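The values are calculated or read from the model by the stated rules, or taken from the named source; none is laboratory data. Values in this document were obtained by computation on a predicted structure and should not be read as measured data. All Cβ positions, even for glycine, are placed from backbone atoms using ideal geometry, and neighbour counts span all protein chains on display.
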Amino acid sequence: MTGTAKVKPPKNNAEWARNTQKRLDQVEHPASARIGAWVLSTDPDSGDLIASNVNGGAVTLANPPVAGEDADTVTSSGLPYIKVERQTNQQGPRGTPVDVIWDTITAQTPEWGFTANSSSVAIPQDGTYLVCYHLAFLNSSDVVNKAILTLDGVAKMAQEVNPSDSWFCSFYMTETFNLNAGSIVTCQAYVSGSGTMDFGASSADPSVFTSLSLTRLPIG
């Protein structure tokens, strides 16, 4: 049997008006759209834009933007990213964790609004973030050297070394975290003993700077 189903004519003007409005709504506000082997749709709960492949699998393309004063403001693709660095030498006392003050913005998407010469980086959106912290001490040391990353004042990543001989110490720490909008990320440097410590770049590799990068992942 071939052909298309017959559409019953409306019983009255009111039914005709309802049917017409329904068809217009489906055209102007479709629940999904097919593009080649992909179907674009929105998650009914989160409002995320999702691309589903007809062969299986789906990926989140974008999250709803944060509401602002200007409804026409264009933000990034929904994956906030920032990288900040400490390029000039920073000095602090030994024997206590010292907050890294970021003096250079390498890159940031509009969601962040971070300004240089601050130690606190505020998370702009809820989500899962890849967090990377690199700490480089200026001088070699044979005592305890440590890198610390805190979330809202609580240490969440830490790495230390106590070399028996004098080393140029450099730390790289990477982890993923589920973070909430407004959470504060702070990085710290620590060297045991008395006197002062210096960090920003190693005198052995002066073009490799202390840095922090945060990338919101398209998951979670």
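Output the qualifying pairs, or none if there are none: Cβ atoms under 9 angstrom, residues six or more apart or on different chains, first residue in the range 148-167 and over 23 Å from residue 138 (Cα atoms) and free of Cβ contacts under 8 Å to residues at least 12 places away in the same chain, second residue exposed (fewer than 12 other Cβ atoms within 10 Å of the Cβ) and of a type outside the set (Phe, Trp, Tyr).
none
Scan the range 183-195 and give yes if some residue there is free of Cβ contacts under 8 Å to residues at least 60 places away in the same chain, under 30 Å from residue 48 (Cβ atoms) and in contact with a strand residue (DSSP E or B) (Cβ under 7 Å, 6 or more places away or on another chain), otherwise no. Please lay out each step first, then the result.
Initially, the range 183-195 is screened for residues free of Cβ contacts under 8 Å to residues at least 60 places away in the same chain, giving none.
Scanning the range 183-195 turns up no residue that is free of Cβ contacts under 8 Å to residues at least 60 places away in the same chain, under 30 Å from residue 48 (Cβ atoms) and in contact with a strand residue (DSSP E or B) (Cβ under 7 Å, 6 or more places away or on another chain).
With respect to residue 107, determine if the residue is touching a strand residue (DSSP E or B) at 6+ places or on another chain (Cβ under 6 Å), in a loop (DSSP other than H, G, I, E, B) and exposed (fewer than 14 other Cβ atoms within 10 Å of the Cβ).
No; evaluated as a whole, the condition is false for this residue.
Within the range 19-36, take every residue that is exposed (fewer than 10 other Cβ atoms within 10 Å of the Cβ) and not in a helix (DSSP H, G or I) and give me the one that is modelled with the lowest pLDDT.
So the residue we want is 29.
Hey, could you check the range 110-134 for residues that are free of Cβ contacts under 8 Å to residues at least 40 places away in the same chain and surrounded by fewer than 19 Cβ atoms within 10 Å (Cβ to Cβ) and say which is farthest from residue 210 (Cα to Cα)?
Out of the qualifying residues, it is 110.
With the structure loaded, tell me whether residue 96 is in contact (Cβ under 8 Å) with a residue 24 or more places away in the chain, in a strand (DSSP E or B), surrounded by fewer than 17 Cβ atoms within 10 Å (Cβ to Cβ) and in the same structural domain as residue 200 (by TED's automatic domain parsing) or whether it fails that test.
no
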